[in-house]
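**Q** Take this structure first; my questions come after.
The values are calculated or read from the model by the stated rules, or taken from the named source; none is laboratory data. All of these numbers come straight from a predicted model, not from anything done at the bench. Note that we place each Cβ from the backbone using ideal geometry, even for glycine, and neighbour counts take in every protein chain shown.
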Amino acid sequence: MRTGMRLPLCDARVPIRETREPSNETQGRNAAFMRQSQPPTPLLPAKAGVPFARVHGPNLRPNPGLEAFPRPTAHRRAFSMIEILVVVALLSVIVLGLMAMFNQTQRAFRLGMSQTDVLQSGRMATELITREIGQTTLSYVDRTNIFDAVTNQTPNFDSQVVNFTLQSLPGSAAFRTNIMDDVFFLVRENQTWKGIGYFVRTNRADDPDLPGGVGPAGTLYRFETNDTVAQFQANPGGLFSGFNFARRWPFNAATNGVSKVVEGVVHFRIRPFDTSGWMIPNNPSYSTNWPYSLTNLPALVSSNLFIDFNYQYYPAISGEYGLYSFFSNAVPAAVEMELGVLEQQVYDQYKSIPILSAQQAFLTNQAPHVHLFRQHIPIRTVDPTAYSTNAF
């Protein structure tokens, strides 16, 4: 090439090719082609906090700014049978503990409700008997036959023992005596005489071991009948005869005037007291060689009061007296009423026992489940003259 030679100028008619940037679509196709043609990039551990990083390039240097996730594997680690059994056992223990706690709570709730029912029914019966005995009225009808206390006329007040049982006291060798009394009394309202009585029966008259349906535990019943003044004067003994008939109602099926008061009664005791506060006839001024003789009660034994010390069910070991019958102007100055009610679930267990001896054995050890109600009842109509030495 010669020096100083000039190059030819470009022909203006020849177009100059312009360089352009590839479009996005073209770049995407090229990138996809490059990825398919290159081998997969290996995964290597990266820095702390980044589980894996994908490396690029021939020197396999990791790219710290790019996180990668492990590919899913064909086999994963599962729970073993021992682990499952341990979990099931722990859950079973927890469930059993919760059930035991729930059952204990339910049992305490039912026991509380049962005791509440017993207390409510016992208070109701005590209030009813207290209100009615306090209204006992004098009839001023003398008893004409000293040896007949039940057929000639109606007593103002009558109480007699029909049964007694023993219950052992917890933590002691002593026994408590449960008394079953039948009580009857007269009440006058305007021109009507009412005969009201209470008695406890078992409703098992077909059992030969329970004569008259009287047993260690039963239901307290209330009896009521009435006469006009003219009827009472014509037949003074009619009201008491109706009570005698009604308290044997399991045999006679006489349910008129009889209503149920409370169930599970194991103790129903009535004690009369005189104006001095002594239990009749324990007042020393009435007796000298008690209980074999009475010296200061001529009118008492002849007309106003009849006491039977050798009654059929007289429990000598209990210190109770078999029968009291007050006539004419004699009534107790006060009465002590004691009511013992058995808890309902215990009473249900007692009734489920078919044999009387087994029932008595079961009831002997149930003293902690008996709720006692005691009430001192003054009688407003008492006549103090009936308690003089010559009259009473």
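Results for (1) within 30 Å of Asn235 (Cβ to Cβ); (2) aromatic (Phe, Trp, Tyr); (3) at pLDDT 90 or above; (4) in contact with a Leu (Cβ under 8 Å, 6 or more places away or on another chain), shown as yes or no for each residue.
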site	(1), (2), (3), (4)
Ala108	no, no, no, no
Arg123	no, no, yes, no
Leu169	no, no, no, no
Lys194	yes, no, yes, yes
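**Q** Based on this model, can you work out whether Ser302 counts as within 20 Å of Asp158 (Cβ to Cβ), of a type outside the set (D, E, K, R) and at pLDDT below 60?
**A** yes
**Q** Quick one: count up the residues across the stretch 320-342 that are touching a helix residue (DSSP H, G or I) at 6+ places or on another chain (Cβ under 7 Å) and at pLDDT 90 or above.
**A** Residues meeting the conditions: 5.
**Q** Exactly one of these conditions fails for Leu342: (1) over 24 Å from Arg110 (Cα atoms); (2) buried (at least 20 other Cβ atoms within 10 Å of the Cβ). Give me its number.
**A** (1) is the only condition that Leu342 fails.
**Q** Here is a further query. Filter the stretch 119-144 for residues that are assigned to a helix (DSSP H, G or I) and under 25 Å from Pro384 (Cβ atoms) and give the result.
**A** Answer for the stretch 119-144, where residues must be assigned to a helix (DSSP H, G or I) and under 25 Å from Pro384 (Cβ atoms): Ile129, Thr130, Arg131, Glu132, Ile133.
**Q** Return the residue satisfying two criteria in turn: it lies in the stretch 166-196 and is assigned to a strand (DSSP E or B) and free of Cβ contacts under 8 Å to residues at least 24 places away in the same chain, and of such residues it is nearest to the chain's Cα centre (by Cα).
**A** Filtering the stretch 166-196 for residues that are assigned to a strand (DSSP E or B) and free of Cβ contacts under 8 Å to residues at least 24 places away in the same chain, the one nearest to the chain's Cα centre (by Cα) comes out as Phe175.
**Q** Only one of these conditions is not met by Thr154: (1) outside any loop (DSSP other than H, G, I, E, B); (2) in contact with a Leu (Cβ under 7 Å, 6 or more places away or on another chain); (3) modelled with pLDDT under 90. Which number is it?
**A** Among (1) outside any loop (DSSP other than H, G, I, E, B); (2) in contact with a Leu (Cβ under 7 Å, 6 or more places away or on another chain); (3) modelled with pLDDT under 90, Thr154 violates only (1).
**Q** Within the stretch 177-206, track down each residue that is of a type outside the set (Asp, Glu) and surrounded by fewer than 21 Cβ atoms within 10 Å (Cβ to Cβ).
**A** Passing the criteria: Thr177, Val187, Arg188, Asn190, Gln191, Thr192, Lys194, Thr202, Asn203, Arg204, Ala205.
**Q** Just name the residue that is modelled with the highest pLDDT out of those in the stretch 239-256 that are among the polar types (S, T, N, Q) and under 33 Å from the mean Cα position of the chain (by Cα).
**A** The residue in question is Asn256.
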